[in-house]
């Protein structure tokens, strides 16, 4: 827990630009994938930007950092603990599982455990959605974050999912830029234009969606 707090105090400090980004992504991109009467699970919720802004009847968040609970809005179910321990989830209870910038921080064995639990917890037709750096495009900056442990490209992540009983239904190698910390402003209009543009030269984060076979 102390290591987690140090990470949030140094490498991953609060930034209002993230809230603008996630409000826009949830409203104009992810909302169409999620039934409002359904259940959303966020793995590694951090400051809660995604889970707070997404609309769903039931919202669940898990993070190893104990401090993340104070950033969640009322009604979000918080679980503090290792992301690979999802034993608290009911069978076939989750419509949409989401992980942003998480699996590069854990081992392949831990990811395999996450996939095993989600195979039980996802409803038929439910999806796992992964947003994270794509080493194929972000190799220069990938290890600037000292907590990155495992390397994935869009190819290797899709293969890993397929090898563990999942079917990849969407793979976008260039979905978003790597960071909000750039010379460009973070505004809802620019984010929406970027999402609509077929040209994503700055895109270094991939988005992968998969279902259980």
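The values are calculated or read from the model by the stated rules, or taken from the named source; none is laboratory data. Quantities reported herein were computed from a predicted structural model and do not represent experimental measurements. Methodologically, a virtual Cβ is constructed for each residue, glycine included, from the backbone with ideal geometry; neighbour enumeration extends over all protein chains shown.
For the range 194-211, does any single residue satisfy the condition of being assigned to a helix (DSSP H, G or I), modelled with pLDDT of 90 or more, surrounded by 13 or more Cβ atoms within 10 Å (Cβ to Cβ) and in contact with a helix residue (DSSP H, G or I) (Cβ under 9 Å, 6 or more places away or on another chain)?
Yes, there is a match, as at least one residue in the range 194-211 is assigned to a helix (DSSP H, G or I), modelled with pLDDT of 90 or more, surrounded by 13 or more Cβ atoms within 10 Å (Cβ to Cβ) and in contact with a helix residue (DSSP H, G or I) (Cβ under 9 Å, 6 or more places away or on another chain).
Does residue 171 meet the test of being touching a helix residue (DSSP H, G or I) at 6+ places or on another chain (Cβ under 6 Å), closer than 29 Å to residue 91 by Cβ and either touching a residue at least 24 places away in the same chain (Cβ under 8 Å) or surrounded by 16 or more Cβ atoms within 10 Å (Cβ to Cβ) (or both)? Steps first, please.
On the way: touching a helix residue (DSSP H, G or I) at 6+ places or on another chain (Cβ under 6 Å): yes; closer than 29 Å to residue 91 by Cβ: yes; either touching a residue at least 24 places away in the same chain (Cβ under 8 Å) or surrounded by 16 or more Cβ atoms within 10 Å (Cβ to Cβ) (or both): yes.
In short, yes.
Please indicate, with yes or no, whether at least one residue in the range 82-94 is modelled with pLDDT of 95 or more, surrounded by 19 or more Cβ atoms within 10 Å (Cβ to Cβ), in contact with a strand residue (DSSP E or B) (Cβ under 6 Å, 6 or more places away or on another chain) and assigned to a helix (DSSP H, G or I).
no
For the range 72-81, what are the residues that are surrounded by 14 or more Cβ atoms within 10 Å (Cβ to Cβ) and in a loop (DSSP other than H, G, I, E, B)? Show your work before the answer.
In the first step, residues of the range 72-81 are kept if they are surrounded by 14 or more Cβ atoms within 10 Å (Cβ to Cβ); the result is 72, 76-80.
Hit for the range 72-81 is 72, nothing else.
Could you list, in sequence order, all residues of the range 124-154 that are in a loop (DSSP other than H, G, I, E, B) and either at positive phi or in contact (Cβ under 8 Å) with a residue 60 or more places away in the chain (or both)?
Within the range 124-154, 134, 141, 145, 146, 147 qualify.
Go over the candidates 157, 202 one by one and state the one that is in contact with a strand residue (DSSP E or B) (Cβ under 9 Å, 6 or more places away or on another chain) and either without any contact (Cβ under 8 Å) to a residue 24 or more places away in the chain or under 10 Å from residue 134 (Cβ atoms) (or both).
Working: 202 fails: either without any contact (Cβ under 8 Å) to a residue 24 or more places away in the chain or under 10 Å from residue 134 (Cβ atoms) (or both).
After ruling out the rest, the residue left standing is 157.
Within the range 102-123, work out how many residues are free of Cβ contacts under 8 Å to residues at least 60 places away in the same chain and over 19 Å from residue 88 (Cα atoms).
Number satisfying all stated conditions: 7.
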